[in-house]
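The values are calculated or read from the model by the stated rules, or taken from the named source; none is laboratory data. Computed from a predicted model, the values in this text were never measured in an experiment. Backbone-built Cβ (ideal geometry, glycine too); neighbour counts: all protein chains shown.
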Amino acid sequence: MQVKVIKFGGSSLADAEQFKKVADIIHEDPARRYVVPSAPGKRFKEDTKVTDMLYACFEKAMNGEDFEADFDRIIERYEAIIAGLGLTLDMSKEYDRIKSAFAHRPGRDYAASRGEYLNGIILANYLGFDFIDAASVIFFQDNGSYDSERTNVTLSAILRNHKQAVIPGFYGSMPNGTIKTFSRGGSDITGSIVARAVNADIYENWTDVSGFLMADPRIVDNPKAIETITYRELRELSYMGATVLHEDAIFPVRFAGIPINIKNTNIPTDPGTMIVSSTSDFSSDNVITGIAGKKGLSVINIEKDMMNAEIGFGRKVLSVLEDSNIPFEHLPSGIDTMSVVVNTSCLESKRDKIIREICLKTTPDSVAIEDGLALIAIVGRGMIRSKGTAARVFKSLTNANINVRIVDQGSSELNIIIGVEEHDYENALCAIYNEFVK
Ligand code: ASP
């Protein structure tokens, strides 16, 4: 029999009505045996996620302030769900235990993790599934990194004895037993870890959108959804800011060759997006899979005659950035020019120092920093060895009267990256989308 691991995000479990949709989805397919819930998310735009309420409550407790009223509001969220589902579940002992732990300053991660913990208990009760505390099956090492081997061995062994179970997302435990969370949005990672542990046929990640879209819907009108995307393409798009899934959620399932299906809890019949490891089973009719980009970049331009012949020139420039703890994003270069693209926010007060150090180490003819650059990545396995893609990108930008500042295509041919002025960013994205998709 097939095994599916299903993770539900905060908006899918924000209130009792959403819980009912979740239960319908789970009961519809007996293969959906292992469920990973987030904490209740926003019910409406101005609402606050329970995780954020817990962080705020914890801050008050840490400052010795009265957190009673804040904590009561968190309890109200859960009690409304319990009442709305008609459950006879008494959670008062759980609330008391957490509240008294708060008074003893249990750590920020413990506080945040209680959102998933409580939601997991309620969901397990509602579904009639077993509840497994993530602290007993997801482990971190002393240095704070996730302990994949210990977790995988323990989790596989334990889940073998549970036909159906709910394992709360987002947290695990340290070797000394204290609670540690992944970074925000980390329930996606727990889902992936559980999928690997049971060697699932598929990891379904249910959220409030019907998968990845081919472009940012705030910029392109009604963009199409991506049906199938490879892990590598996804990585390129997420780097540029297309976020639906936590980036680290890819690794456990990718390792095990398990596909991820992003689905919409509110429109379960939509196919969503399939994330797969190999392109061979999923050839693409589209030349491009998606377009993403980001603003807020700066270029450090360095010029020096005969730069190409000077051994160690690039290393010296990059060592200046390394010394200032600045990561670089791209390195488009000419014969006697080198450009380093960095996030403007990383430069902060370090600008003068960087220019000074580059001058000292490389004696260039000129060096200057220019802000206001945006990068756009056009990603697609369909463009590998297909002719004319770059020509179409440039034609669409020329027709839209947009100047291209930077061009970068790796030899993998999986993407073309172009740099434009920030004020051209939205128009450029639309022009490229319309050229390839409409
Ligand atoms: N509840 C946590 C957050 O809001 C983790 C998650 O939802 O995945 O970040």
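Below, the figures for the structure above:
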| quantity | calculated |
| --- | --- |
| Sole exception among (1) modelled with pLDDT of 90 or more; (2) away from the ligand (no atom under 16 Å from the Cβ) for A242, by number | (1) |
| Subset of the range 226-273 [touching a Leu at 6+ places or on another chain (Cβ under 8 Å), among the β-branched types (V, I, T) and part of a helix (DSSP H, G or I)] | I250 |
| Restricting the range 37-53 to residues that are hydrophobic (A, V, I, L, M, F, W, C) and more than 9 Å from the ligand (Cβ to nearest atom), the residue that is surrounded by the fewest Cβ atoms within 10 Å (Cβ to Cβ) | F44 |
| Search result, residues across the range 146-183 that are more than 16 Å from the ligand (Cβ to nearest atom), small (G, A, S) and not in a helix (DSSP H, G or I) | A165, S173, G177 |
| Qualifying positions in the range 10-36 - within 16 Å of the ligand (Cβ to nearest atom), touching a helix residue (DSSP H, G or I) at 6+ places or on another chain (Cβ under 7 Å) and of a type outside the set (S, T, Y) | L13, D15, Q18, F19, V22, V35, V36 |
| Contacts under 8 angstrom Cβ, first residue in the range 112-128 being more than 12 Å from the ligand (Cβ to nearest atom), partner in a helix (DSSP H, G or I) and of a type in the set (V, I, T), 6 or more apart | I122/I81; I122/I82; L123/V22; L127/I26 |
| Qualifying strands (runs of 3 or more DSSP E) (wholly inside the range 354-438; at least 2 residues being farther than 16 Å from G293 by Cα and in contact (Cβ under 8 Å) with a residue 12 or more places away in the chain) | 366-379 |
| Residue under evaluation Y146, criteria (1) surrounded by 15 or more Cβ atoms within 10 Å (Cβ to Cβ); (2) within 30 Å of G84 (Cα to Cα), criterion not met | (2) |
| Residue identified as of a type outside the set (A, V, I, L, M) and either within 16 Å of the ligand (Cβ to nearest atom) or buried (at least 23 other Cβ atoms within 10 Å of the Cβ) (or both) among D216, D270, D208 | D208 |
| Top-ranked residue of the range 326-382 - restricted to ones that are in contact with a Leu (Cβ under 8 Å, 6 or more places away or on another chain) and hydroxyl-bearing (S, T, Y), ranked as surrounded by the fewest Cβ atoms within 10 Å (Cβ to Cβ) | T344 |
